[in-house]
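Quick notes on the structure that follows.
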Amino acid sequence: MNSMFDRTQAHGDLLNQYVKKILTSRVYDVAVETPLQGARQLSERLGNQVLLKREDLQPVFSFKIRGAYNKLAQLSAEERARGVVTASAGNHAQGLALAAKTLGVSATIVMPKTTPEIKVEGVRSRGGKVVLHGDS
């Protein structure tokens, strides 16, 4: 038995499973495909091609919608019926609120009392119930 071959085969199998999960993910039910954009000046400065993934073009202006939606989509009907709770003052809060609304799940987001109003309204406008508590 060749252990190097076995490890290489195992890594290949894991990679194939990972790619399959990516390709079958339901995240694009709510996220949009965002482009890669060349960063010319940074590329020149570093002497290498630098590409920026434009996740700021997502409905909540960050990649956070992907993880929140993917997790909620994997919950059982019983778990979804109970709703979800998270603590966040930013992009995760808005991503979870939108993901929950899309899937018909109740979402409560605990945010610090010092959270900027634009973030609080961002969560509320996406269907999240906001609880302001604490200073951080």
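Expressed as a fraction of 2.2 N^0.38 Å, the value expected for a compact globular protein of N residues, the C-alpha radius of gyration of segment 72-119 is 1.19. The number of Lys pairs in the chain with C-alpha atoms less than 16 Å apart, excluding pairs fewer than 8 positions apart on the same chain, is 8. Working note: 222 nm ellipticity from helices only, DSSP H runs with n ≥ 4, each -39,500 (n - 2.57), summed and divided by the residues of the chain, gives -15500 deg cm²/dmol to the nearest 500. Put in order of Cβ neighbour count within 10 Å, fewest first, the listed residues Tyr69, Tyr28 become Tyr28, Tyr69. Derived scalar couplings between HN and Hα for segment 49-61 equal 6, 10, 10, 9, 8, 7, 6, 5, 8, 5, x, 10, 6 Hz in order, rounded to whole Hz, by the Karplus curve 6.51 cos²θ - 1.76 cosθ + 1.60 (θ = phi - 60°), x for Gly and Pro. Taken about its Cα centre, the chain carries a charge dipole of roughly 160 debye when the Cβ of each Lys and Arg holds +1 and the Cβ of each Asp and Glu holds -1. Each residue of segment 124-132 is assigned a 3J(HN,Hα), and the resulting list reads 4, 5, 9, x, x, 8, 9, 10, 8 Hz, derived from the Karplus form 6.51 cos²θ - 1.76 cosθ + 1.60 (θ = phi - 60°), x at Gly and Pro.
The Cβ shell under 14 Å around Asp29 holds other residues with a net charge of +3, Lys and Arg each +1, Asp and Glu each -1.
As a rough footprinting exposure proxy, the listed residues Thr114, Thr24, Thr102 were ranked by other beta carbons within 10 Å of their own, and the order from fewest upward is Thr24, Thr114, Thr102. Taking amide H as placed 1.01 Å from N in the peptide plane, the amide H of Val110 sits under 5 Å from that of Thr86, Ala87, Ser88, Val131, each at least 5 places away or on another chain.
For Gly38, the shell of other residues with beta-carbons less than 15 Å away shows a net charge of +3, using +1 for Lys and Arg and -1 for Asp and Glu. For segment 1-90, the list of GluC sites (Glu not before Pro) that fall in a loop by DSSP and count at most 14 other C-beta atoms within 10 angstrom reads Glu33. Taking segment 93-119 and a reference point 7 angstrom along Cα→Cβ of Thr34, the backbone N atoms nearer than 17 Å belong to 93-99. The trypsin sites (Lys or Arg not before Pro) found in segment 40-92 that occupy coil by DSSP, while having at most 15 further C-beta atoms within 10 Å, are Arg54. Couplings 3J(HN,Hα) for segment 34-43, derived from phi with the Karplus relation 6.51 cos²θ - 1.76 cosθ + 1.60 (θ = phi - 60°), are 10, x, 8, 10, x, 10, 4, 5, 5, 4 Hz, where x marks Gly and Pro.
The distance between label points at Arg54 and Arg7 comes to 4.1 nm (points 7 Å beyond Cα on the Cα→Cβ vector).
Every read-out reported here was derived from the displayed coordinates using simple, explicitly stated rules and does not represent laboratory data. If you're wondering where the values come from, they're calculated on a predicted model, not measured in any experiment. Note that each Cβ is placed from the backbone with ideal geometry, even for glycine, and that neighbours are counted across all protein chains shown.
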